[in-house]
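The values are calculated or read from the model by the stated rules, or taken from the named source; none is laboratory data. Fair warning: this is a prediction, and the values are worked out from it, not measured in the lab. Quick reminder, even Gly has a Cβ in these numbers, built from the backbone with ideal geometry, and neighbours come from all protein chains shown.
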Amino acid sequence: MSGVRWLVIPLLSIALQAQAAPAPLSDLLDAMAQRLAVADQVARSKHDSGKPVLDAARERQVLEDVTQAAKAAGVSPTTAQTFFAAQMEANKLVQYGLLAAWRRGERPLPAATTDLAALRTQLNDLQARLLAGLAATGGLRAAADCPAQLDCALTAHLAAASPDDLHRLALLRALGDFCALPD
């Protein structure tokens, strides 16, 4: 029996390593989830101010900023634009979902509101992390097993973070066509 134990432990270790998410992908998912968490605060700010969720001018500005920063981060501007467009769509999904839930009384309104300008600073800080994550995952996105690795990383992230259904759906939206992003 002790001989079997010596065989099982290395095999289990190999299996666990095969299922572990690559660190750059895990880091990118964490940054994406943090960006979606900021969406909660943005929704509260827009609730209080009466501003609409859709802010086309702000979205254009974000995409222009991302385009400028992409090359320095080692990311194709087209890849960055496509990825960040998906991030903004996911962010709006959270905002619309929360505003509707608050209106229907399905969720309590957060206790405090944050200034939208301060939240935009947080989003800008996350932009650099997301671009770095895109650069770090370039090889993975080109790999044939990208969908499998992404599924593994996403499963691990969701198990650890336990987001609610709205944020889980938004993270899936934020991933968009991650493995098929243009170069």
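The set of residues in the stretch 50-94 being loosely packed, with under 14 Cβ neighbours inside 10 Å and either more than 14 Å from Asn124 (Cβ to Cβ) or of a type in the set (Lys, Arg) (or both) consists of Gly50, Lys51, Pro52, Leu54, Ala56, Ala57, Arg58, Arg60, Lys71, Ala72, Gly74, Thr78.
Annotation note: Cβ proximity below 6 Å between a residue of the stretch 39-61 that is in contact (Cβ under 8 Å) with a residue 24 or more places away in the chain and under 21 Å from Leu171 (Cβ atoms) and a residue that is of a type in the set (Ser, Thr, Tyr) and surrounded by 12 or more Cβ atoms within 10 Å (Cβ to Cβ) (sequence gap 6+ or interchain) occurs for Gln41/Thr114; Arg44/Thr113; Val53/Tyr96. Tell me which of these Thr121 doesn't satisfy, since it passes every other one: (1) under 20 Å from Phe178 (Cα atoms); (2) in a helix (DSSP H, G or I); (3) β-branched (Val, Ile, Thr). All conditions pass for Thr121, except number (1). Test Pro182 against the stated conditions and say whether it is surrounded by fewer than 18 Cβ atoms within 10 Å (Cβ to Cβ), assigned to a loop (DSSP other than H, G, I, E, B) and at pLDDT below 95. For Pro182, the condition - surrounded by fewer than 18 Cβ atoms within 10 Å (Cβ to Cβ), assigned to a loop (DSSP other than H, G, I, E, B) and at pLDDT below 95 - is met. For the stretch 105-142, name all the residues that are among the polar types (S, T, N, Q), exposed (fewer than 14 other Cβ atoms within 10 Å of the Cβ) and touching a residue at least 24 places away in the same chain (Cβ under 8 Å). Hit for the stretch 105-142 is Asn124, nothing else.
A quick yes/no check of all residues on (1) hydroxyl-bearing (Ser, Thr, Tyr); (2) modelled with pLDDT under 95; (3) closer than 30 Å to Leu116 by Cβ:
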{"site": "Arg5", "(1), (2), (3)": "no, yes, no"}
{"site": "Ile9", "(1), (2), (3)": "no, yes, no"}
{"site": "Gln17", "(1), (2), (3)": "no, yes, no"}
{"site": "Ala20", "(1), (2), (3)": "no, yes, no"}
{"site": "Leu25", "(1), (2), (3)": "no, no, no"}
{"site": "Leu29", "(1), (2), (3)": "no, no, yes"}
{"site": "Gln34", "(1), (2), (3)": "no, no, yes"}
{"site": "Thr67", "(1), (2), (3)": "yes, no, yes"}
{"site": "Gly74", "(1), (2), (3)": "no, no, no"}
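Among the residues of the stretch 62-101, the ones that are touching a Pro at 6+ places or on another chain (Cβ under 8 Å) and either in a loop (DSSP other than H, G, I, E, B) or farther than 13 Å from Ala132 by Cα (or both) come to 4 in all. Going by the structure shown, is Ala128 more than 19 Å from Ala39 (Cα to Cα) and assigned to a helix (DSSP H, G or I)? Here the answer is no, as Ala128 does not meet what is asked.
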